[in-house]
1. Search the range 50-79 for residues being in a strand (DSSP E or B) and under 24 Å from the mean Cα position of the chain (by Cα), and hand back the single one that is nearest to H139 (Cα to Cα).
2. If you check A142 against the conditions, is it in contact with a strand residue (DSSP E or B) (Cβ under 9 Å, 6 or more places away or on another chain), part of a helix (DSSP H, G or I) and either under 30 Å from A12 (Cβ atoms) or not aromatic (F, W, Y) (or both)?
3. Which helices (runs of 4 or more DSSP H) sit wholly inside the range 172-269 and have at least 3 residues that are more than 30 Å from D74 (Cα to Cα) and among the hydroxyl-bearing types (S, T, Y)?
4. Which pairs do you get when a residue that is over 15 Å from F178 (Cβ atoms), found in the range 227-246, comes within reach of a residue that is not polar (S, T, N, Q), reach meaning Cβ atoms under 7 angstrom, with the pair 6+ apart or on two chains?
5. Out of curiosity, is A211 touching a Pro at 6+ places or on another chain (Cβ under 7 Å) and either among the basic types (K, R) or surrounded by 13 or more Cβ atoms within 10 Å (Cβ to Cβ) (or both)?
6. Taking A166 and the conditions (1) exposed (fewer than 15 other Cβ atoms within 10 Å of the Cβ); (2) modelled with pLDDT of 95 or more, which numbered condition does it fall short on, given that it satisfies the others?
7. I'd like the full set of residues that are of a type outside the set (D, E, K, R) and in a helix (DSSP H, G or I), limited to the range 145-167.
8. May I ask you to list pairs of residues, at least six apart or on different chains, whose Cβ atoms are under 7 Å apart, with the first in the range 113-125 being on the phi > 0 side of the Ramachandran plot and the second being of a type in the set (G, A, S) and in a strand (DSSP E or B)?
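The values are calculated or read from the model by the stated rules, or taken from the named source; none is laboratory data. Model, not experiment: these values are computed from the prediction. Here the Cβ positions follow ideal geometry from the backbone for every residue, glycine too, while neighbour counts run over all protein chains shown.
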Amino acid sequence: MNISFIGGGNMARAMISGLKANGFAMESINVIDPDSEKRAQLKAEFGITTTEQLPSISNADVIVLAVKPQQLRDLAIFLGSMLQHQLVISIAAGIRSHDLARWLGGYAKIVRVMPNTPAQIQLGISALYAMPEVTSKQHEQAEMILAAVGKTLWLDEESKMDAVTAISGSGPAYIFYFIEAMQQAAVELGLSEEEARTLSLTTFTGASQLATLSSDSPSALRAQVTSKGGTTEQAILALESAAVKSTIIKAAKAAANKSEALGDQLGKD
């Protein structure tokens with residue numbers, strides 16, 4: 001399988017790194033990017049082919065569109081006449097499959113993907129949606145590529161992609177925000193920056209793994225830590241008083257609404 005990445009940014013780099021770690025042949029990967037410095041770095045790091053010419057996709061079995069959403073329409077219009085049989089994977093946020101297919105001149109062998117930034121260390125999760133024209137072999141190709149950077153979740157309806165964007169796509173930022181607050185609290189309580197970082201990150205990692213491996217719900221696990229009249233109860237009461245849970249839910253819904261609006265805006269032409 002030959003893969004051409006159009007765009008050599010962070011997510012493309014993460015996917016290539018994951019493929020390399022899984023033993024994929026690096027000589028089967030081509031990156032097309034106008035930035036000569038970026039091309040040189042990718043070539044030196046991974047031993048892949050790089051070019052600035054779009055016609056180099058002719059030998060590709062899979063084309064990964066890894067450009068900014070605002071750049072995708074013009075790229076797709078240019079790309080459409082070159083496509084024959086290739087699977088097109090789009091990781092551009094907000095761009096709906098039917099709009100991309102329209103820009104490609106009706107070409108619909110498209111898998112839309114919403115990855116997230118932990119893909120950079122192969123601990124991401126990617127939600128995928130395939131248009132009906134995608135073959136079973138192409139499903140397998142998409143699965144293999146995205147599984148190289150973490151877990152995968154296939155969606156039966158593309159409309160769910162806005163919710164995915166709000167939860168897993170934007171979600172790492174919510175987690176980092178909470179860790180920031182934990183570290184700041186630790187420092188204000190007298191711990192050093194290093195102590196604050198170690199305690200906050202290790203606590204978060206351990207709690208996340210416990211929630212992943214336990215059969216108990218997060219609320220049940222929380223109750224196990226929250227003794228009546230204890231320190232944790234006092235902290236939870238403060239969070240509840242500040243409506244933190246409902247604010248988090250409100251924030252995720254705001255992200256989902258923005259994702260939907262972006263889809264409308266970017267797809268109107």
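1. So in the range 50-79, the residues in a strand (DSSP E or B) come out as 50-51, 62-65.
Within this subset, residues satisfying the condition of being under 24 Å from the mean Cα position of the chain (by Cα) are 50, 62-65.
Values: T50: 26, V62: 11, I63: 13, V64: 14, L65: 16 Å.
If we take residues in the range 50-79 being in a strand (DSSP E or B) and under 24 Å from the mean Cα position of the chain (by Cα), then V62 is nearest to H139 (Cα to Cα).
2. Details: in contact with a strand residue (DSSP E or B) (Cβ under 9 Å, 6 or more places away or on another chain): yes; part of a helix (DSSP H, G or I): yes; either under 30 Å from A12 (Cβ atoms) or not aromatic (F, W, Y) (or both): yes.
Considered against the rule, which asks whether it is in contact with a strand residue (DSSP E or B) (Cβ under 9 Å, 6 or more places away or on another chain), part of a helix (DSSP H, G or I) and either under 30 Å from A12 (Cβ atoms) or not aromatic (F, W, Y) (or both), A142 comes out as yes.
3. Numbers: elements: 193-213, 218-225, 231-241, 244-266.
Correct list: 193-213, 231-241.
4. Once the first residue is over 15 Å from F178 (Cβ atoms) and sits in the range 227-246, its partners that are not polar (S, T, N, Q) give S227/E233; T232/V225.
5. Values: touching a Pro at 6+ places or on another chain (Cβ under 7 Å): yes; either among the basic types (K, R) or surrounded by 13 or more Cβ atoms within 10 Å (Cβ to Cβ) (or both): yes.
So A211 fits the description; yes.
6. (1)
7. Of the range 145-167, the ones of a type outside the set (D, E, K, R) are 145-150, 152-155, 159, 161, 163-167.
Of everything in the range 145-167, those that are of a type outside the set (D, E, K, R) and in a helix (DSSP H, G or I) turn out to be I145, L146, A147, S159, M161, A163, V164, T165, A166, I167.
8. Every condition considered, the pairs that remain are Q122/G150.
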